[in-house]
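Everything on this sheet refers to the single structure shown next.
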Amino acid sequence: MATSPKALTIAAFGARGTGKTAWVKQFLRNARPARLMVWDYKHDHALSDLGQPYTSWPEFVKACRVKAFAARYLVSPDHDPHEQFEAFCQLAWREGNLILFVDELAEVTKANNAPPAWRKVVNVGRSYDNGRKSIAIIGASQRPAEVDKSFLANCDVIHTGRLGDVADAKRFAQSWGIGADELVNLPDLHWVEKRADSPELQRGVLKFSVAKGRAVAPPKG
């Protein structure tokens, strides 16, 4: 992804404990982005190895203005998260040429509400400023129904573990030509993935290294 000419938009879904965060971290380790911005809504310990954490907005902005960085913004509970998210996305747009990972996306977007700067990043961020800038996006949430439709419509990859809501499962199942029961009953760490460039679904199981406790590449097919 870091060297691809196309900046991908990726969604990672799944109920709590299904492995979506571990999968995103595995993906980022493999991608090795030179520039990474992370939105850490709940100060999640599971994200502690994704870049330098910042609680100070000015310091976070400064960190994102260098040639190479991995910076994680810890959302302030004392200020409106929507205002913070707007500023976060505006910063990503100004800087460009980076991977943007937004965890708990449903906390700052809704199905019919895409904040202005986020909408711009999603709709135009693949290539802008006469092609000199691009933004790849990873958005993670438990339920697809709770994130904005613009994001879902622009996804190159939809990766999901078990979906606890039957309506969510039916939506994907109908589009993908599978039974909703498969998505509702996926065991923890099992996943199904749909890529826009292939008619075939991918299935796999997230595995971990016993020695390091880190996710390793899941099997395909």
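Can you compute the helix-only [θ] at 222 nm over the chain? Use -39500 (n - 2.57) per DSSP H run of at least 4 residues, normalise by all residues, nearest 500 deg cm²/dmol. Don't jump to the answer; show the numbers that get you there.
Details: 7 runs with 64 residues, N = 221.
Per the formula, -8000 deg cm²/dmol.
Suppose all protein chains stay in the model; what accessible area per residue would a 1.4 Å probe give for segment 61-154, in Å²?
Counting only protein heavy atoms, the per-residue value for segment 61-154 is 44 Å².
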- Item | Residue-span extension gain [residue 16 to residue 196] - 0.36 nm each, minus C-alpha spacing | 62.2 nm
- Query: In terms of the Cα gyration tensor, with a ≥ b ≥ c the square roots of its eigenvalues, is segment 35-83 rounded because a/c is under 1.5, prolate because a/b exceeds b/c, or oblate?
  - Reply: oblate
- Item | Helix 81-95 vs. the chain, principal-axis angle (Cα, 0 to 90°, nearest 10) | 70 degrees
- Within the accessible area of the chain, what % is carbon and sulfur when the probe is 1.4 Å and the other protein chains stay in place? 49 percent
- R0 = 25 Å: FRET efficiency of residue 128 with residue 150, Cβ-based, nearest 0.05? 0.95
- With Cα atoms, 0 to 90° folded angle of helix 166-176 axis to the chain main axis: 80 degrees
- Query: Here are several values of Rg/Rh (Cα atoms, Kirkwood Rh): [x] 1.07; [y] 0.95; [z] 1.02. Which one was derived from the coordinates shown?
  - Reply: [y]
- Round to the nearest 10 and give me the degree value, 0 to 90, for the angle of helix 20-31's Cα axis relative to the longest principal axis of the chain. 60 degrees
- Determine, from the Cβ-Cβ distance of residue 188 and residue 86 and an R0 of 41 Å, the FRET efficiency 1/(1 + (r/R0)^6), rounded to the nearest 0.05. 0.75
- Query: Can you pull the accessible area of residue 18 for me, 1.4 Å probe, Å² to the nearest 10?
  - Reply: 10 Å²
- Message: I need to check one value: relative contact order of the chain, counting alpha carbon pairs closer than 8 Å and at least 6 residues apart, in percent.
- Response: 24 percent
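The values are calculated or read from the model by the stated rules, or taken from the named source; none is laboratory data. This one's a predicted model, so the numbers in the text were calculated from it and none came from an experiment. No Cβ is skipped: glycine too gets one built from the backbone with ideal geometry, and neighbour counts run over all protein chains shown. Areas reflect the complete protein model, heavy atoms only, side chains present, ligands, DNA and RNA absent. Shrake-Rupley method; radii C 1.70, N 1.55, O 1.52, S 1.80 Å.
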